[in-house]
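Take a look at the structure set out below.
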Amino acid sequence: MQQTNKLTYTLIIMITAVVLITGCNQNDKLIPTTKNGLTQKVSTRLKWLPGATYIGSIVAKEAGYFKTQGLEVEIFPGGFEADPIKLVAAGSNDFGITGAEQLLQARANGVPIVAIFMELRYSPAGWMTLKSSAITKPQDFIGKKVGAQYGTNIEPTLDALLAKLNINPKDLTRIPVKYDISPLFSGQVDVLPVYLNGQPVQARLEGKAINTIDPSDYGIRLYGNVCFTRETMIREHPELVQRFVNALTKGWNFAVTNPDEAVSFLIKAVPKSNKNLELAVLKATIPFVKGGSNDPIGKMSTAQWEETRDFMINYSGLSSATDIEVAYTNEFVNKAQQTVK
């Protein structure tokens, strides 16, 4: 009986050791310990494919800013089948980029992620029309075929815009479209939802005569893309998060000040990119990065987070209990501004 108890105790010790070793190995694989000047391997997941919209991360890597901070960063593309929120929350990636609205919705659903850097101070979601259509403002949408991208932030943005301008949604026809400009030029729709730093830029480069409608001109200015990580990463590895934000801050500062050189880094990272298009996209993105604010790039404000949250409560079904104060932190951006020159 005594020998059986001794054997049972030994097995428990062995199983416990295996669990602990396995746990350590998993953590070591995710965030290797830096020794003798070696870099720590981490990863970040973009919201979409690599391009000028995410130039800060790309410059930080190609210019060696991550390396200077002791980080070896692998940048992964995002997409419909590669959701940054799911992958970061699961620990498959350490950092990610997503829309502020998606981050708030994720937190409302119990996903413990936190915004640590504001990449776009307001969302570039808007609309594009043909110059010949004379559709230049939201009031002109009445009686027209308006492209709809359900499941994105463009639809609640349109709902808010119509409500603010006292336009009955029934006075226009919404037609589902994808991320493609052809429905506008084929006549399938009269108004196309776009990202103002994307499709319109390409259309103009191709010599197409277009108009754009920006909801911020009508007082609807919501936060755009944010860089985020897990609560556990902030709690257990704050120094690593700080070094990541230091490099990211330097990457964005460089890109805003030196767009031509920044795009050269992008071409180095993604050789098949169209340099003229990416440069034009970056120049169109910079106003969204600055957002008309004198605050340092990357810094966030409670007031604008609250505006985005209240918008989502009214038009996207977000829970009113969503706590803004734990959804973001300026801790790392503030320190980065003190140390990054």
Q: Looking only at the stretch 279-298, decide whether some residue is in the same structural domain as Ala115 (by TED's automatic domain parsing), under 18 Å from Val326 (Cα atoms), touching a residue at least 60 places away in the same chain (Cβ under 8 Å) and within 19 Å of the chain's Cα centre (by Cα).
A: yes
Q: Identify the single condition in (1) surrounded by fewer than 17 Cβ atoms within 10 Å (Cβ to Cβ); (2) over 16 Å from the mean Cα position of the chain (by Cα); (3) closer than 23 Å to Asp323 by Cβ that Ala108 does not satisfy, given that it satisfies every other one.
A: (1)
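Being aliphatic (A, V, I, L, M) and without any contact (Cβ under 8 Å) to a residue 60 or more places away in the chain is the filter; apply it to the stretch 225-273 and report the residue that is farthest from Pro77 (Cα to Cα). Please lay out each step first, then the result.
Narrowing the stretch 225-273 to residues aliphatic (A, V, I, L, M): 226, 233-234, 240-241, 245, 247-248, 255-256, 262-263, 266-267, 269-270.
From what's left, without any contact (Cβ under 8 Å) to a residue 60 or more places away in the chain: 256, 267.
Values: Val256: 22, Ile267: 16 Å.
Going through the qualifying residues, I end up with Val256.
A quick yes/no check of all residues on (1) of a type in the set (Ser, Thr, Tyr); (2) modelled with pLDDT under 95; (3) crowded, with 20+ Cβ neighbours inside 10 Å; (4) over 22 Å from Pro238 (Cβ atoms):
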site: Thr22; (1), (2), (3), (4): yes, yes, no, yes
site: Pro32; (1), (2), (3), (4): no, yes, no, no
site: Arg45; (1), (2), (3), (4): no, no, yes, no
site: Ile85; (1), (2), (3), (4): no, no, yes, no
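So in the stretch 152-182, with the set limited to residues that are over 21 Å from Thr308 (Cα atoms) and among the basic types (Lys, Arg), which one is surrounded by the most Cβ atoms within 10 Å (Cβ to Cβ)?
Ranking the candidates gives Arg174 first.
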Q: Sort out which residues of the stretch 124-150 are in a loop (DSSP other than H, G, I, E, B) and either at pLDDT 95 or above or surrounded by fewer than 16 Cβ atoms within 10 Å (Cβ to Cβ) (or both), and write them in order of number.
A: Pro124, Ala134, Ile135, Thr136, Lys137, Ile142, Gly143, Lys144, Tyr150
Q. hydroxyl-bearing (Ser, Thr, Tyr) and surrounded by 18 or more Cβ atoms within 10 Å (Cβ to Cβ): does that describe Thr249?
A. yes
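Being surrounded by 13 or more Cβ atoms within 10 Å (Cβ to Cβ) and modelled with pLDDT of 95 or more is the filter here; which residues of the stretch 314-328 pass it? Lay out the reasoning, then the answer.
Keep residues of the stretch 314-328 that are surrounded by 13 or more Cβ atoms within 10 Å (Cβ to Cβ), which gives 314-316, 318-319, 322, 324, 327-328.
If the condition is that a residue be surrounded by 13 or more Cβ atoms within 10 Å (Cβ to Cβ) and modelled with pLDDT of 95 or more, then Ile324, Ala327, Tyr328 are the ones that fit.
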Q: Please find, among Ile97, Ile85, Ile58, the residue that is closer than 16 Å to Ser43 by Cα, touching a Cys at 6+ places or on another chain (Cβ under 8 Å) and in the same structural domain as Thr44 (by TED's automatic domain parsing).
A: Ile97
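The values are calculated or read from the model by the stated rules, or taken from the named source; none is laboratory data. It should be emphasised that the depicted structure is a prediction, and the values quoted were computed from it without experimental measurement. When we count neighbours, we look across all protein chains shown, and the Cβ atoms used for this are built from the backbone with ideal geometry, even at glycine.
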